[in-house]
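Values quoted throughout were computed directly from the atomic coordinates according to the rules given, and no laboratory measurement underlies them. What you see is a predicted model, and the numbers here were worked out from it, not measured in a lab. Quick reminder, even Gly has a Cβ in these numbers, built from the backbone with ideal geometry, and neighbours come from all protein chains shown.
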Amino acid sequence: MAKGIPIRPPEYIYRHRTATNFRNRRYNHTTLNFPPNDNNEGLSCRRIALSDYHLAAGFSDGSVRLFHLPTSLHVSTFHPHQRNHFGQYSRAVSGIFFTDTRLVFSSFDGDIHVASIHVPGALRRAHLGDVVTDGVLLDFTGSNRWWIGLYAGTLSSCMHACINKGTFTFSNQFI
């Protein structure tokens with residue numbers, strides 16, 4: 001074994017540089033501007049998600065706004081079709097995540113929406129939620145392969161995972 005300077009993995013170097021920037025108070029920030037034609041009054045940001053090139057912000061009205069980070073420009077706003085079964089707060093965004101080419105987000109009423117990052121305004125409902133049967137979708141995350149949601153309000157199940165179009169339910173006994 002050769003002696004000398006130890007080799008550091010790239011993640012260690014990245015984390016060390018990030019910590020040094022915070023310690024030395026070196027950072028850049030910018031204000032993200034909303035499009036002037038959007039009705040932004042009374043909106044409250046509920047969830048955010050970050051990828052290498054995009055920032056997604058989910059709001060209390062159920063809309064998600066997508067921003068391109070290198071340019072700080074607004075890319076698109078996604079407005080899903082709202083059902084409002086249990087008032088205005090049931091449509092608030094409860095989770096957001098990015099896949100390679102898509103943005104996936106959910107609302108408290110259990111609806112899951114999929115939008116293309118590269119096609120502005122292209123949005124479809126991937127799952128129709130049922131608050132009475134499943135409960136309120138409190139948190140939601142996933143990856144390219146699976147989605148998982150944390151539900152409240154039901155005794156029989158509190159987590160639902162969707163893996164390769166199959167649905168698995170985890171009951172309270174496992175938590």
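With Kirkwood's inverse mean 1/r over C-alpha pairs for Rh, give me the Rg to Rh ratio of region 28-127, two decimals please. Kindly include the intermediate steps, with their values, before the conclusion.
Details: Rg = 12.9 Å, Rh = 13.6 Å.
Looking at region 28-127, the ratio lands at 0.94.
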Note, residue 62: beta-carbon cut-off 12 Å, +1 each Lys/Arg, -1 each Asp/Glu, net +3
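Using unit Cβ charges (K, R positive; D, E negative) and no other charged atoms, how large, in debye to the nearest 20, is the dipole of region 88-152 about its Cα centre?
With Lys and Arg at +1 and Asp and Glu at -1, about 220 debye.
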Point-to-point label distance, residue 43-residue 74, nm (Cα→Cβ direction, 7 Å offset): 0.6 nm
Counting Lys and Arg as +1 and Asp and Glu as -1, what is the net charge of the other residues whose Cβ lies under 13 Å from the Cβ of residue 93? 0
Gain upon complete extension [residue 139, residue 50; 0.36 nm per residue less C-alpha separation]: 30.4 nm
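Please give the net charge around residue 46, taking every other residue with its beta carbon less than 13 angstrom from that of residue 46, where Lys and Arg add +1 and Asp and Glu add -1. Intermediate results must be reported in sequence, preceding the final value.
Numbers: positive: 47, 65, 91; negative: 61, 139.
Net local charge, residue 46 excluded: +1.
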Amide proton proximity set for residue 122, modelled H, under 5 Å, gap of 5+: 116
